Amino acid sequence: MPAFNAEKTLQMTLADIPRGSTDKVILVDDASHDRTAEVGRELGLKVIVHETNLGYGGNQKTCYRTALEEGADIVVMLHPDYQYNPKLVPYLAGLIREDICDIMLANRIRTRREALAGGMPLYKYMFNRMLTFIENLFLGLNLGEYHTGYRAFSRKALETIPWENNSNDFVFDQEILIQAAYFGLRVGEIPVPAKYFADASSINFSRSFKYGISTLLTLAKFVMQRTGTARFSLFRKK
């Protein structure tokens with residue numbers, strides 16, 4: 001769980017994870033201003049605290065690094081802000097455990113009406129649809145959504161992708177999927193209802209715009225790497 005100011009939602013997120021579907025829950029607190037770390041410890045989680053805020057991507061790096069050190073075979077990233085339904089954890093992990101996929105995503109865009117009714121801002125929906133179309137076109141995949149934060153990875157995927165070379169910002173999420181396409185990993189998805197509310201984390205319009213531009217720049221790197229016109233550390237084997 002990559003966490004930032006999740007004191008109010010952490011307990012109910014954890015409570016909805018089906019019993020027996022996890023061996024260990026790791027919470028990485030990215031220098032929160034509230035009691036996120038204390039609540040995590042009270043709930044019996046393994047808690048790691050960043051002394052300074054490293055950003056969303058930097059938080060994920062600590063999450064994955066720690067999970068691999070702990071011997072995880074499957075790693076599910078679930079935000080502790082209760083925006084995503086925790087009950088999907090065993091389903092995301094199951095398709096990896098059965099060796100059907102290397103990476104699983106929870107797709108929030110089952111229908112336009114459902115996504116908007118769940119509170120997704122219209123501009124985010126439009127950005128999501130545009131970028132997903134472009135990414136499918138260039139990556140040769142057919143995913144319904146690239147921009148969900150609810151994901152599961154096999155150990156093989158995390159040991160193949162050089163994610164330590166990625167950004168510490170939000171574009172980390174797109175870099176790791178573009179890297180997965182480059183290395184030929186199998187990516188699947190299942191639906192999850194969109195849910196936006198006051199205590200759920202969300203980036204504003206300006207950060208979303210920067211994220212979109214950074215995604216397009218990463219796609220450009222992918223094309224240049226594939227065509228041999230340039231080489232980037234994003235695609236350097238571990």
> Along the charge dipole of the range 153-212, Cβ charges K/R +1 and D/E -1, which of Trp163, Val187, Gly212 sits furthest on the positive end?
Replying inline: Val187
> By counting other Cβ atoms within 10 Å of each Cβ, how are Ile74, Ile17 ranked from fewest to most?
Replying inline: Ile17, Ile74
> Which FRET efficiency value, to the nearest 0.05, do you get for Ala117 and Tyr91 by plugging their Cβ-Cβ distance into 1/(1 + (r/R0)^6) with R0 = 30 Å?
Replying inline: 0.85
>> Starting from the 7 Å offset along Cα-to-Cβ, what nm value, one decimal, do you get for the label separation of His33 and Met12?
In response: 2.2
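Between Lys238 and Leu141, what FRET efficiency follows from the Cβ-Cβ distance if R0 is 25 Å, with the result rounded to 0.05?
Plugging the Cβ-Cβ distance into 1/(1 + (r/R0)^6) gives 0.70.
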> Listing Tyr123, Tyr182 from the residue with the fewest other Cβ atoms within 10 Å to the one with the most, what is the order?
Replying inline: Tyr123, Tyr182
>> If I require 24 Å or longer along the helix axis, counting alpha carbons, and a Kyte-Doolittle average no lower than -1.0, what helices from the chain are left? Use full DSSP H segments.
In response: 122-139, 205-227
> For the pair Thr52 and Leu216, how long in nm is the line joining their label points, each one 7 Å along Cα→Cβ?
Replying inline: 3.2
>> For Cα pairs less than 8 Å apart in space and 6+ apart in sequence, what is the mean separation divided by the residue count of the chain, i.e. the relative contact order in percent?
In response: 23
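If r is the Cβ-Cβ distance from Arg41 to Asn168 and R0 is 30 Å, what FRET efficiency results, to the nearest 0.05?
That gives a FRET efficiency of 0.75.
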> How big is the charge dipole of the range 2-235 about its Cα centre, in debye rounded to the nearest 20, if each Lys and Arg gets +1 on its Cβ and each Asp and Glu gets -1 on its Cβ?
Replying inline: 700
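When a footprinting reagent is the concern and you count Cβ atoms within 10 Å, what order do Tyr56, Tyr91 take, fewest first?
Tyr91, Tyr56
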>> Taking every DSSP beta bridge with both residues inside the chain, roughly what % is antiparallel (nearest 5)?
In response: 40
> For the range 14-25, in order, what is each residue's ³J(HN,Hα) by Karplus, 6.51 cos²θ - 1.76 cosθ + 1.60 with θ = phi - 60°, in whole Hz (x at glycine and Pro)?
Replying inline: 4, 5, 8, 6, x, 4, x, 8, 10, 8, 7, 10
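Rule-based calculations on the coordinates, nothing more; no lab input. Fair warning: this is a prediction, and the values are worked out from it, not measured in the lab. Positions of Cβ are backbone-derived with ideal geometry, glycine not excepted, and every protein chain shown enters the neighbour counts.
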